Amino acid sequence: MVMTAALWQSCSDSYPDMAYVSDEKNSEDYETYPMSPSLNFNSMLYATSSGSVESKALTPVDKESEGPLDPQNNYNNFLKRYAKARFYLLAYRKTVMTEGEQKLVQQPDLTQLMGDDDDRLNCLLSTDRTYITGTDQHIGKLAIPQGATKDGSLDNLSTNGSLYLLDNVEWEDNQNYKVHTYYWNKKKYEKVGYNFFAYYVNKANIYGFEKQNDCVKIDLELNGKNDIMVGSAPVLTEDILKEEYATSVTEDEIRKNILSYGDGAYSTYGAVHSVEPKIDLKHALAYIKFRARQMDDAVKFSIQDVQVNAYTRGKLVVASRDLENTKLGLTELSDPKDISVNAYLSEEDISTEEFKEVGEGILVPPAESYTVKVVIQQTNVKTTEDETGSGGTWISDPPLEIVCTPKNGFEAGKIYVLDLSVYGTTAITITSDLESWKSGTGTTVNLYD
């Protein structure tokens with residue numbers, strides 16, 4: 001692992017029961033092996049049901065700190081954001097031994113952090129503080145894409161999911177990151193398996209975390225702009241070893257030992273044979289985009305705002321003895337409110353020929369339905385004072401609203417494109433061409449219903 005000295009300071013740490021190993025020495029001399037967890041880069045793709053994204057030619061959010069971290073719509077914009085992304089990794093013991101190592105008879109205790117127990121047996125990877133001050137500290141080991149630099153340069157950025165593990169710093173401190181190398185230990189606990197987890201919450205506020213014996217949760221903000229991802233490395237099987245690690249694991253006996261020693265998880269023995277965890281990071285939110293079209297060219301109007309009534313707080317399982325729990329997504333949702341998608345479309349920009357995008361879209365937790373509110377302003381409305389209809393102004397106050405209910409609800413990791421067909425003061429409809437909606441080919445509903 002090499003980085004430019006001017007950009008980063010490099011240190012080494014070891015696990016477990018290992019003295020400091022300087023960068024100048026060969027770690028193999030000390031019976032260790034470098035730890036190299038990575039992300040499954042392809043797992044971060046958003047689903048595009050019915051090809052709607054391609055057919056609608058969506059323009060992605062331009063702001064590097066907002067919107068979904070999605071490489072499908074604008075790859076260059078995605079790389080700029082990915083280069084500055086911060087991921088957090090956790091690893092907890094899976095193996096339970098009934099003989100030999102007496103300390104491994106019990107299930108792992110997920111209330112532990114690195115260094116909390118004498119041998120670091122329960123927690124292999126987490127924040128390296130045994131005591132976290134405050135409630136807004138991330139609990140995982142900080143990691144960045146391999147080749148990322150502080151200035152966000154793309155020159156050496158790796159797009160295969162490889163990560164640099166960093167020394168943890170205060171959440172507000174983005175100036176003093178240090179690259180660390182962490183080692184598996186070949187002298188002791190070679191056959192102990194560990195489950196690996198990762199999460200990404202962009203710049204969402206962290207209200208706190210819950211460490212339980214069997215799982216770890218974080219309590220976080222949902223503001224419609226921050227993408228949230230969570231996942232774990234898959235359980236190892238013979239098929240995975242043959243498909244994903246065919247060149248590094250060629251002998252049946254070695255494959256058998258990797259599966260046996262780690263109990264389907266990741267161990268020092270596996271790492272020596274280049275079997276390192278590759279974490280499937282999945283989106284926990286649905287992404288809703290809006291477009292609008294003028295249906296009556298005799299009516300002059302503008303769209304002033306589009307809002308979605310959504311939850312603004314939730315809890316996310318980021319580690320668990322049961323890997324399936326990391327697929328639960330956001331739970332214990334609370335504090336719903338109307339969130340604006342920063343939508344504005346002027347009279348000059350709205351079109352009678354085609355739908356045009358309006359607003360930046362919104363990231364929301366999975367739900368059966370969402371209430372959408374639209375503020376329309378019309379400038380040529382007939383009024384009692386002005387029978388010609390040339391000077392009156394009408395604005396929808398309160399906003400016009402409709403409950404949108406796709407057939408399968410709004411699902412995590414999917415993009416929904418909702419079209420606003422505006423007829424002035426007479427009617428406004430919302431249409432979606434996603435096959436997942438009720439009719440299978442599109443649903444139209446009146447905002448006045």
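Brief remarks on what is shown
- Among the strands (runs of 3 or more DSSP E) confined to segment 371-441, the ones with at least 2 residues that are loosely packed, with under 15 Cβ neighbours inside 10 Å and either in contact with a Ser or Thr (Cβ under 7 Å, 6 or more places away or on another chain) or modelled with pLDDT of 55 or more (or both) are located at 392-395.
- Residues in segment 211-251 that are aliphatic (A, V, I, L, M) and within 17 Å of TYR266 (Cβ to Cβ): ALA233, VAL235, LEU236, ILE240, LEU241, VAL249.
- Of all positions in segment 272-290, at least one carries a residue that is touching a residue at least 40 places away in the same chain (Cβ under 8 Å), of a type outside the set (Gly, Ala, Ser) and in a helix (DSSP H, G or I).
- Among the candidates LYS356, LYS373, LYS327, residue that is in contact (Cβ under 8 Å) with a residue 40 or more places away in the chain and closer than 30 Å to GLN107 by Cβ: LYS327
- Of all the residues in segment 323-350, those that are out of contact with any Ser or Thr (no Cβ under 9 Å at 6 or more places or on another chain), small (Gly, Ala, Ser), open to solvent by less than 20 Å² (accessible area, probe 1.4 Å) and more than 30 Å from THR95 (Cβ to Cβ) number 1.
- Candidates LYS300, LYS282 - the one that is in contact with a helix residue (DSSP H, G or I) (Cβ under 7 Å, 6 or more places away or on another chain) and open to solvent by 10 Å² or more (accessible area, probe 1.4 Å): LYS282
The values are calculated or read from the model by the stated rules, or taken from the named source; none is laboratory data. All values reported here derive from a predicted model rather than from experimental measurement. Methodologically, a virtual Cβ is constructed for each residue, glycine included, from the backbone with ideal geometry; neighbour enumeration extends over all protein chains shown. Ligands, DNA and RNA are stripped out before the accessible areas are found, and what is left, the full protein with its side chains, is counted by its heavy atoms. Shrake-Rupley method; radii C 1.70, N 1.55, O 1.52, S 1.80 Å.
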